[in-house]
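The next block holds one structure in the form of structure tokens; read it before the comments.
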Amino acid sequence: MPLSAPHESVEIQLGDRSYPILIGSGLLGDPGSFAALPAATTALIVTNTTVAPLYAQTLRAALANRFRAVHVLELPDGEAYKEWQTLNLVFDALLGHGCDRKTVLFALGGGVVGDMTGFAAASYMRGVPFVQVPTTLLAQVDSSVGGKTAINHPLGKNMIGAFYQPRLVLCDLSTLATLPPRELSAGLAEVIKYGPIHDMAFLDWIEANIDAMVARDPAALAHAVKRSCEIKAEVVGQDERETGLRAILNFGHTFGHAIESGLGYGEWLHGEAVGCGMVMAAQLSQRLGGVDEAFVQRLTALIRRAGLPVVGPALGAERYLELMRVDKKSEAGEIRFVVIDKPGSAVMRGAPDAMVREVLAQCCAKS
Ligand SMILES: NC(=O)c1ccc[n+]([C@@H]2O[C@H](COP(=O)([O-])OP(=O)(O)OC[C@H]3O[C@@H](n4cnc5c(N)ncnc54)[C@H](O)[C@@H]3O)[C@@H](O)[C@H]2O)c1
Ligand SMILES: [Zn+2]
């Protein structure tokens, strides 16, 4: 059955592991969305207790003709559950239902469900096919694309995982209607990030359409998801395993991760911390000579208009530095930052601690 819902498509080019990202409204309920998947008898939809009542039955019905059995597993909701005991519930379900190595896993939810389901797919019987059905803006523009999968460890976020590509990513824009406003803003942080690091024309477009996106205008969100996926596809196609270029997607993340872990995970959303982290990274870029004051002000104003915080919590500069030294990108204790070397282009580099302290003094609340 062909896909009937109107949609756009972006291809991730990775040789024989290439796959399409389909973007449109109503895709997850359209059986045609799944036409190109490999034949299998069983599917397992992995979702959570928040998303399941909203979308699981629609997806299940759309898969009913293709698979002899479609099982649904509801995990508890939250970043705190992105760990091995919850991951094991996926293996319990797969084994309990007698799922074979052709079983297709469907990750229905935000980045937490996507990262965990992807890792389960990478390891069950040494690898089964999986499909990303992202239902948050953050997952649609970032986490569902590119094949990074992981769970957290008490000693570090995303520390246990694998590179494992999905067969298909289905960005159903209609799911964004039920997203809480804070989560929408958090996703906008990852949309904004693509501008300064790669595409200044996209930054202009985001500026002109930020109010429309905050108001969930479908056409504006559709373009934001498509252009974000195109940029991510280009970067991942060149550097799947993050040996170089892919690291620029972490713009704002070195500072952001410090905020997240310094406050305790869950206090600020990931996208909120990244929004504020981009303000800090832009300030650092200015001090290193890559951008001017006007650029920093422009980006800061945009992040604020997206509903994101632009003033960092008062953790103290030494605590920030300590947290950033354990970041995955650090090498031999030297903190590596993604900085803008000219508008629309980013590089990874170190910076003197004294300069980072100045940035933190300027960007953080006074304790
Ligand atoms: N793999 C990657 O490349 C990558 C990239 C960025 C982030 N991540 C990971 O993604 C995770 C964050 O993802 P997230 O921001 O999507 O968070 P999330 O998965 O926790 O989702 C946010 C909240 O929204 C709820 N939700 C999801 N879809 C909904 C909908 N349509 N309507 C109403 N509620 C809905 C969820 O149940 C949850 O409560 C983090 O664990 C992060 O490490 C991974
Ligand atoms: Zn991020």
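Computed log10 I(q)/I(0) for the stretch 184-255 at 0.14, 0.19, 0.25, 0.26 Å⁻¹: -0.43, -0.76, -1.16, -1.22, from the Debye equation with unit scatterers placed on every C-alpha and solvent omitted.
Among rounded, prolate and oblate, which fits the stretch 190-363 when a ≥ b ≥ c are the square roots of the eigenvalues of its C-alpha gyration tensor, a/c under 1.5 means rounded, and a/b larger than b/c means prolate? Prolate shape, in that a/c is at least 1.5 and a/b is the bigger ratio. Helices meeting the span-like rule in the chain (full DSSP H runs, Cα extent of at least 27 Å along the helix axis, mean Kyte-Doolittle score of -1.0 or higher): 218-238. Radius of gyration over Kirkwood radius for the chain, both on Cα atoms: the Rg/Rh ratio is 0.97. Among the trypsin sites (Lys or Arg not before Pro) in the stretch 1-77, those placed in a DSSP loop whose Cβ has at most 15 other Cβ atoms within 10 Å are 68.
For the chain, the 222 nm mean residue ellipticity estimated from helices alone, with every DSSP H stretch of n ≥ 4 adding -39500 (n - 2.57) and the total spread over all residues, rounds to -13000 deg cm²/dmol.
Converting the Cα gyration tensor eigenvalues of the stretch 7-178 into ellipsoid dimensions via √(5λ) gives semi-axes, longest first, of 21, 18, 17 Å.
Under a Gaussian network description of the chain, with springs only between Cα atoms under 10 Å, the residue in 283, 85, 140 that fluctuates furthest is 85.
Values in this text are rule-based calculations from the coordinates and carry no lab data. Treat the numbers as computed from the prediction; the structure is a model and nothing was measured. Positions of Cβ are generated from backbone atoms using ideal geometry, with glycine treated the same way; all protein chains shown enter the neighbour counts.
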